[in-house]
Each structure stands twice: as C-alpha cells, then as structure tokens.
1. Given the Cα-Cα distance of residue 135 and residue 252 and 0.36 nm per residue of separation, how much length would full extension add, in nm?
2. Residue 100 versus residue 152, label points 7 Å from Cα toward the beta carbon: distance in nm?
3. Which value results when the Cα radius of gyration for the stretch 58-177 is divided by 2.2 N^0.38 Å?
4. Suppose the chain between residue 235 and residue 277 were pulled fully straight at 0.36 nm per residue; how much longer would it get relative to their current alpha carbon spacing?
5. Under a plain spin-label model, where a point goes 7 Å from the Cα along Cα-to-Cβ, how far apart in nm are residue 323 and residue 226?
6. May I ask you to give the average projected area over all directions of the convex hull of the Cα atoms of the stretch 143-220, in nm² rounded to one decimal?
7. On a full-extension model of 0.36 nm per residue, what is the gain between residue 203 and residue 291, subtracting their alpha-carbon distance, rounded to one decimal in nm?
8. Expressed as a whole number of Å, what is the distance separating the alpha-carbon centroids of the stretch 77-134 and the stretch 257-324?
C-alpha cells in the first residue's frame with residue numbers, strides 16, 4: 001500500500017466514517033426485573049414535534065399527567081408506602097418477565113425492598129399517549145427510562161398504565177412493562193446530546209438529536225486533524241425491510257457509509273462499509289464498551305481500504321459534553 005493512502009489526511013477521512021458511523025450506543029442490556037416494580041417516573045409529555053393531544057377531556061388529561069408526576073415524586077423520596085398508595089386496593093404491576101405483584105400491601109413491600117437494594121436508581125416516564133375507553137378509565141402508553149446505579153446506565157422499555165377514577169381521584173389499576181422485541185432505537189436514547197474525543201492532534205465531535213416523531217436519530221459530526229476539518233451528517237433508525245438497526249452516513253465532501261448494528265453482551269458492534277468521495281471502499285468493525293452514562297470506550301478493528309488491510313486503531317475514551 002502506498003504511503004499516500006496512509007497519509008494523515010486520509011486517516012482523518014477514515015476517522016469520519018469510523019467515528020461517526022459507530023458513535024451509536026454503549027450498552028443497554030435489559031436486566032430481568034424479576035418482579036421489581038418500576039422505579040421513579042418524571043412525565044416528559046409527548047415527544048417534540050409529535051401530534052398534539054386531542055382537545056377533548058383536557059381536564060382529565062391534566063389530572064392523569066399530574067398523577068404520573070406524583071408517582072415520580074413518591075419514588076424519588078424512596079417512599080414505598082406513598083408509591084403503593086397510588087394504586088387501587090387491588091392494583092397490579094406486571095414486569096416484563098410476566099411476574100405480577102397484586103394489591104397495595106404487596107406493592108408496598110416490593111417497593112420498600114426495591115428502594116433498599118437500589119438506592120441509586122431513577123426512572124423517568126415519557127407519556128406518548130392517553131386515551132379514554134370509558135368515562136372513568138384511561139390508558140396511558142409510553143416508556144420507562146431507567147437510570148441504573150451510580151453510573152446511570154440508561155435502559156428504556158415500553159410501558160402502559162390503566163388508570164381508573166375512584167372517588168374523583170385517578171389511581172393505577174394496572175401498570176405493565178413490556179418485554180423488548182430485539183434492538184430498538186429507544187436503546188440509543190442515551191446518545192442524545194453532544195460527544196467529543198481528542199487524541200494525537202485529532203478532534204472529533206458529534207451532536208445527536210431526535211427527528212420530530214422519534215423515528216430516527218439525526219447526527220451532525222466533524223473531525224479535525226492538522227487544521228483540516230471533515231464534517232457531515234448521519235441518520236440512525238430501524239430498517240423496515242429487516243427490522244434491524246442501521247445507520248446511514250453522508251460526508252459533506254461526498255463520502256457515504258452504511259452500518260449494521262448488533263450487540264455482544266455489553267459491547268455494541270457496528271459493521272460499517274463506506275465509499276470515499278474519490279471512490280475508495282472502506283470497511284471496519286467498530287466496538288463500543290460502556291464505562292458510565294457520560295463515557296464509553298471505542299475501538300475500530302478489521303479495517304480495510306479497497307480490500308487492503310489497515311492497522312487497528314487504538315482504544316479511545318469518548319466523553320459527553322456537559323451543558324453549561
């Protein structure tokens with residue numbers, strides 16, 4: 001292979017594909033809940049840009065949003081009794097493994113034990129929809145966002161509530177967490193925000209944000225080496241033809257790349273194939289390993305250019321850019 005093809009500028013271009021196409025996620029393996037009740041909940045409401053909620057029954061909708069917020073407040077206090085009081089007398093929690101806890105007494109016991117074993121866990125609830133099958137019943141659908149342990153690893157799962165009105169108060173009759181059906185774009189929600197890495201004179205930065213209806217995650221990225229910048233954008237989503245997660249990367253200079261996403265334990269594996277603006281074909285296997293909610297380890301191996309092998313890149317630490 002010629003020295004020209006391994007020049008710093010060419011390696012910088014490779015970095016655009018390697019870094020941008022692989023900064024997707026850093027490990028959100030769902031632990032079994034084993035009957036554990038859901039943790040803290042903070043209502044975030046409908047996603048930005050989503051369709052506006054129907055105008056009918058606005059007072060009831062506001063009351064239910066407040067009830068879900070009350071669940072969050074009680075959980076953040078670690079008060080098992082207060083959390084259980086938000087259910088009906090025979091209310092149920094159904095975990096994603098099918099385990100069911102029934103009645104306020106059993107729920108209180110489960111929450112007290114859960115808080116004792118998991119003092120650092122928190123959980124937000126994103127409410128996607130509220131509908132009313134009858135005058136005194138409401139179905140709430142959304143997502144649990146568990147921030148696990150001191151490292152605050154983000155685990156997202158689909159959830160639903162059946163609220164019922166008793167004596168003028170909305171209470172939880174059933175809360176259910178649904179098992180996942182493979183990798184989900186929601187597993188990448190931890191990625192929303194800005195990230196950066198600096199090594200040996202090269203700087204790379206990315207900014208990820210949801211599209212309006214949360215069908216895709218959009219990324220703007222830049223890589224600067226020896227004073228020269230490369231930039232572009234990336235879209236991450238589920239391929240409807242296969243049901244698998246993929247990303248599509250587009251360099252401002254004309255290069256493109258596609259990446260298949262898979263998971264091996266806590267490691268995320270990104271198999272990338274791209275073409276530079278001058279027609280050269282690049283491939284790489286990029287591996288990301290979690291450290292905590294604000295950092296992960298990244299490495300690229302099995303790299304080739306026009307079927308000729310390139311050396312593996314050393315492992316680097318990528319960090320989240322904190323808001324000021």
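1. Gain in length upon complete extension: 36.7 nm.
2. Placing both labels 7 Å beyond Cα along the Cβ direction yields 3.7 nm.
3. 1.02
4. 13.2 nm
5. Result: 3.9 nm between the two label points.
6. About 8.5 nm², averaged over all directions.
7. 29.6 nm
8. Using only Cα atoms to place each centre, the spacing works out to 39 Å.
Every number here is computed from the coordinates shown, using simple stated rules; none is lab data. Here the structure is a predicted model, which is why all the values come from computation and not from measurement. Positions of Cβ are generated from backbone atoms using ideal geometry, with glycine treated the same way; all protein chains shown enter the neighbour counts.
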